Amino acid sequence: MQIQESGEMYLETILVLSKSNPYVRAIDVGEYMGYSKPSVSRAIGLLKNGGYVVSDREGHLSLTDEGRELAEKIYARHNILTKFLISLGVSEDTASEDACKMEHVISDESIEAIEKFTNR
């Protein structure tokens, strides 16, 4: 199943939130992303159906192995791009915002080249 950019953003958000709190709920995702409860509910439902997310009886969200792999890939891309843009003189806030847009469309080849260049 091909996941859309918005789905990737939800997965990345669940990953980021789970780093500081083992119990991530849909409401936490919505607050973090600034989205309404119905929007989050629909997106989480799609991610569950796609096999990327599961929830327990209390509504705590967890990434499946496939969901975690994709979320970590997107999160790593975000960090690489942010670091690269900052090294070019872009402010940290702008670099992070731009990286968030770029991380979903950049090729593996380009991200690998940027990572090598940045780590020189």
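The values are calculated or read from the model by the stated rules, or taken from the named source; none is laboratory data. For clarity, every value in this text was computed on a predicted model and none was experimentally measured. Positions of Cβ are backbone-derived with ideal geometry, glycine not excepted, and every protein chain shown enters the neighbour counts. Only protein heavy atoms, including side chains, enter the accessible area calculation; ligands, DNA and RNA are left aside. Shrake-Rupley method; radii C 1.70, N 1.55, O 1.52, S 1.80 Å.
Among (1) under 19 Å from Tyr23 (Cα atoms); (2) open to solvent by 50 Å² or more (accessible area, probe 1.4 Å); (3) modelled with pLDDT of 95 or more, there is one condition Leu47 misses while meeting the rest; what is its number?
The failed condition is (2).
Checking the condition at pLDDT 95 or above, open to solvent by less than 80 Å² (accessible area, probe 1.4 Å) and under 14 Å from the mean Cα position of the chain (by Cα), which residue from Leu61, Leu81 passes?
Working: Leu61 fails: under 14 Å from the mean Cα position of the chain (by Cα).
Testing whether each residue is at pLDDT 95 or above, open to solvent by less than 80 Å² (accessible area, probe 1.4 Å) and under 14 Å from the mean Cα position of the chain (by Cα) leaves just Leu81.
Residue check: is Glu97 surrounded by 12 or more Cβ atoms within 10 Å (Cβ to Cβ), within 14 Å of the chain's Cα centre (by Cα) and assigned to a helix (DSSP H, G or I)?
Values: surrounded by 12 or more Cβ atoms within 10 Å (Cβ to Cβ): yes; within 14 Å of the chain's Cα centre (by Cα): yes; assigned to a helix (DSSP H, G or I): yes.
Answer is yes for this residue.
Regarding segment 86-93, can at least one residue be identified that is among the charged types (D, E, K, R) and surrounded by 13 or more Cβ atoms within 10 Å (Cβ to Cβ)?
Taking segment 86-93 and keeping what is among the charged types (D, E, K, R), we get 92-93.
Now restrict to residues that are surrounded by 13 or more Cβ atoms within 10 Å (Cβ to Cβ): none.
No, because not a single residue in segment 86-93 is among the charged types (D, E, K, R) and surrounded by 13 or more Cβ atoms within 10 Å (Cβ to Cβ).
For Ala71, which of the numbered conditions (1) open to solvent by less than 70 Å² (accessible area, probe 1.4 Å); (2) more than 15 Å from Met9 (Cα to Cα); (3) modelled with pLDDT of 95 or more fails to hold?
(2)
Give me a count of the residues in segment 17-31 that are within 24 Å of Arg77 (Cβ to Cβ) and surrounded by 15 or more Cβ atoms within 10 Å (Cβ to Cβ).
Counting residues in segment 17-31 that are within 24 Å of Arg77 (Cβ to Cβ) and surrounded by 15 or more Cβ atoms within 10 Å (Cβ to Cβ) gives 6.
Of the residues in segment 34-44, how many are touching a strand residue (DSSP E or B) at 6+ places or on another chain (Cβ under 9 Å) and open to solvent by 60 Å² or more (accessible area, probe 1.4 Å)? Even if it seems obvious, please write down each step before you answer.
Step one: filter segment 34-44 for residues touching a strand residue (DSSP E or B) at 6+ places or on another chain (Cβ under 9 Å), giving 44.
Narrowing the set further to residues that are open to solvent by 60 Å² or more (accessible area, probe 1.4 Å) leaves none.
Selection size over segment 34-44: 0.
Within the set of pairs 6 or more residues apart or between chains, which connect a residue that is modelled with pLDDT under 95 inside segment 95-108 to a residue that is not in a helix (DSSP H, G or I) with Cβ atoms less than 9 Å apart?
Listed pairs, sorted by first residue: His104/Gln4.
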